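Here's the structure, in structure tokens; my notes come after.
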Amino acid sequence: MEPLRRLGEATLALFTAVGRLSLFAASGIFHIFKPPFRGKIVLHQMVEVGFYSLPVVGLTAIFTGMVLALQSYTGFARFSAESAIPQVVVVSITRELGPVLAGLMVAGRVGAAMAAEIGTMRVTEQLDALKTLSTNPMSFLVAPRLLAGLITLPLLVAVADVIGVMGGYLVSIYKLGFNPATYLHNTMQFLEVQDVVSGLVKASAFGFIVTLLGCYHGYHSKGGAQGVGQATTNAVVTASILILCSNYLITELFFSR
Amino acid sequence: MTSSVAISIRNLHKSFGPKHVLKGINLDVATNESLVILGGSGSGKSVLLKSILGLIEPDEGEILIDGQNSLNMSRSDREDLMAKFGMLFQGGALFDSLPVWENVSFRHLIVDSMARGEAKQLAIQTLAKVGLSDDVADLSPSELSGGMQKRVGLARAIVSKPSIIFFDEPTTGLDPIMADVINDLIRGSVSDLGATALSITHDMASARKISDRVAMLYHGEIIWQGPSSQMENSGNAYVDQFVHGRAEGPIAMPVLKG
Ligand SMILES: Nc1ncnc2c1ncn2[C@@H]1O[C@H](COP(=O)(O)OP(=O)(O)OP(=O)(O)O)[C@@H](O)[C@H]1O
Ligand SMILES: [Mg+2]
């Protein structure tokens, strides 16, 4: 009976966690639409989430685009399909690699920072202090971050898409000897609106996931510095897993027909 | 006004897991009275204060604030109720992402949308009352000493002239002179502003000075309460030991004697 009991306990714990997270998300979304609107805080968070993530996401994108071109070249050479490189690069970047890699990098950078910040506020009673000052932390801290994540990640990923494609272009032109005009022509001709749109929708979802889990784990952290450290780790790990799962689901929604 | 009750606590219970911290607290605080709660470290004083503020949900019991039951209140009613309160946290609980002055006038800036210049002026005036000069206004809380942080917390608690103020160890970490300045400030809030004050302290000099009445919390219950003039000769052995700070007595400290 022991293994069965453990299994039951684990299942219950999972459902409790999912339930708590869902309630937290619902409350966060509710406060996005409920006045007072905190435009300045949202703007500040957008800068934190987007602008300061540009270097790390840009670097990720350019090297991914470069390696994509190189790998496709050596791989496709086996069946003489090298000419498909522009299409492969642009579709892979816009549909998959741009949003997923940006999401994961932002989870490590921004999700962790949010969990640490809000977690510290929890253990030093700053969240309690907010309440005594008639300010709801869900409205003051969580909602602006969620909104910033929703809005900013698509912008960030749009930039990453361009940089990633440029990475592939550079390698193709200067290393693999493609003709620049043909490369760009093929890139644009093959690209569909839906490729980009699906990537940006993913980005928005990932932005929500990252900020939600950062806030959630921070909000529920306990037990001093160690608890904050734990919250930070949990925020990154759970956000990364959820990004990869939801990536599959959103892809299904867009392209399964 | 003087005879009405600001805070009324009935049969309040709170446990954390197996630890039964509050075991049926009954306590009244009259309007415009200064009540000091005494009690050993870990006896549940901070938990009691946070329960009254609605930051901790008690397991059982009733809390009436100005006659209103505060436990089954809607969120927005509670936020309105909070406007009557000022709270000094034991650890300060300053927002370290904001400069000192924005900490002090946080409620005015964020909730009441006061103009920044005006709010800063107000913060600087209030900081002066707790003995801090205007050059600390633009510092970050992490750049202040522990005692200075405490005083910023105090300024934040009194800035909006609340009608009920909670002080969790207001003089801990302050030098004796500054402690006395703070005692005067608390006394002044009660006598001049007509506020009700509920304070926690281990500092007997402070307790004598700021309290009209004293209550002693021991093992999760209020074991004695009375006017502060009776504190010295309460006839209660526990209070006696506490007030005179003796190691010997009915309150045994769980320490290993070697
Ligand atoms: N959030 C919490 N979770 C679990 N236990 C708690 C929590 N808050 C307080 N306690 C426990 O409740 C008891 C009372 O804590 P409290 O902070 O009220 O003590 P206190 O009387 O204020 O002590 P001190 O004078 O040292 O500040 C302690 O044993 C503490 O461990
Ligand atoms: Mg305490």
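Numbers below:
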quantity	calculated
List A:M166, B:M73, ordered by accessible area with a 1.4 Å probe, largest first	A:M166, B:M73
Full-stretch length increase - B:E60, B:H202 - with 0.36 nm per residue and alpha-carbon distance subtracted	48.4 nm
Residue order for B:I63, B:I177 - accessible surface, 1.4 angstrom probe, largest first	B:I177, B:I63
Solvent-free Debye scattering, log10 I(q)/I(0), computed from the Cα coordinates of the stretch B:116-258 at q = 0.09, 0.10 Å⁻¹	-0.35, -0.43
Cα-derived Rg to Rh of chain B, Kirkwood definition	0.97
Sites B:D135 and A:Q189, calculated FRET efficiency, Cβ-Cβ separation with R0 60 Å, nearest 0.05	0.40
HN-Hα J in Hz across the stretch A:73-89 - Karplus 6.51, -1.76, 1.60, θ = phi - 60°, x for Gly and Pro	4, 5, x, 6, 4, 5, 10, 6, 10, 4, 5, 7, 4, x, 5, 4, 4
Under 15 Å, Cβ to Cβ, from A:P35 - net charge with Lys/Arg +1 and Asp/Glu -1	+2
Length gained when the stretch B:H244-B:A128 is fully extended (0.36 nm per residue, less Cα-Cα span)	38.4 nm
Antiparallel DSSP beta bridges within the protein assembly as shown, as percent of all bridges there, nearest 5	55
Cα-derived Rg to Rh of the protein assembly as shown, Kirkwood definition	1.11
Cα coordinate range in the stretch A:72-125, projected on the principal axes (Å, largest first)	64, 16, 8
Rounded to the nearest 10 Å², the accessible area of B:R156 at probe 1.4 Å	10
Reachable aspartates and glutamates, given that their alpha-carbon falls under 16 Å from the alpha-carbon of B:K23 and they are not under 8 places away in the same chain	B:E57, B:D59, B:E60, B:E62, B:E221
In Å², nearest 10: area of A:R95 left accessible to a 1.4 Å probe	80
Accessible surface, per residue, of chain A when the full set of protein chains is kept, probe 1.4 Å, Å²	49
Net charge dipole size for the protein assembly as shown [Lys, Arg +1 and Asp, Glu -1 on Cβ; Debye, nearest 20]	840
Where the Cα pairs of the stretch A:1-92 fall when distances are cut into 10 Å bins, in %	13, 18, 16, 21, 24, 8, 0
Karplus-derived HN-Hα couplings along the stretch B:94-105 (A = 6.51, B = -1.76, C = 1.60, θ = phi - 60°), whole Hz, x at Gly and Pro	6, 7, 7, 8, 10, x, 3, 5, 6, 4, 5, 9
Virtual spin-label span in nm between B:M73 and A:Y248, 7 Å along Cα→Cβ	4.8
Per residue accessible area of chain B, 1.4 Å probe, in Å²	44
Neighbourhood net charge (13 Å Cβ-Cβ; Lys/Arg +1, Asp/Glu -1) for B:D112	0
A:C245 accessible area, 1.4 Å probe, all protein chains in place, Å² to nearest 10	70
Sequence of A:T233, B:T126 from largest to smallest accessible area, 1.4 Å probe	A:T233, B:T126
Over the stretch A:37-255 - Rg/Rh using Cα atoms and the Kirkwood inverse-distance radius	1.09
Of B:S70, B:S105, B:S133, the one that fluctuates the most in a GNM where chain B has Cα springs shorter than 10 Å	B:S133
Apportionment of accessible area to carbon and sulfur, the protein assembly as shown, percent (1.4 Å)	62
Size of the A/B contact, given as accessible area buried on both chains, probe 1.4 Å, in Å²	1700
Principal semi-axes in Å for the stretch B:94-161 [√(5λ), Cα gyration tensor, largest first]	17, 12, 11
Burial of 40 Å² or greater, the stretch B:98-123 residues [accessible area, probe 1.4 Å, versus chain by itself]	B:F106, B:R107, B:I110
The stretch B:34-143: translational diffusion in µm²/s, Stokes-Einstein, Kirkwood Rh over Cα pairs, 37 °C, 0.692 mPa s	202
Compactness relative to 2.2 N^0.38 Å, alpha carbon Rg of the stretch A:132-251	1.45
Zone residues, the stretch A:52-89, relative to A:N179, backbone N less than 18 Å from point 7 Å out along Cα-to-Cβ	A:81-87
Cα-Cα pairs of the stretch A:187-253 separated by more than 17 Å (percent)	51
Most fluctuating residue given options B:G194, B:G245, B:G39, as computed from a GNM of chain B linking Cα atoms under 10 Å	B:G245
Relative contact order (%) - criterion: Cα under 8 Å, at least six apart; region: the stretch B:94-161	45
Percent of beta bridges antiparallel (DSSP, chain B, rounded to nearest 5)	55
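The values are calculated or read from the model by the stated rules, or taken from the named source; none is laboratory data. The structure presented is a predicted model; accordingly, all values stated were derived computationally and were not measured. Reconstructed Cβ throughout: ideal geometry from the backbone, glycine too, with neighbour counts over all protein chains shown. Side chains included, ligands, DNA and RNA excluded: accessible areas come from the protein's heavy atoms. Shrake-Rupley method; radii C 1.70, N 1.55, O 1.52, S 1.80 Å.
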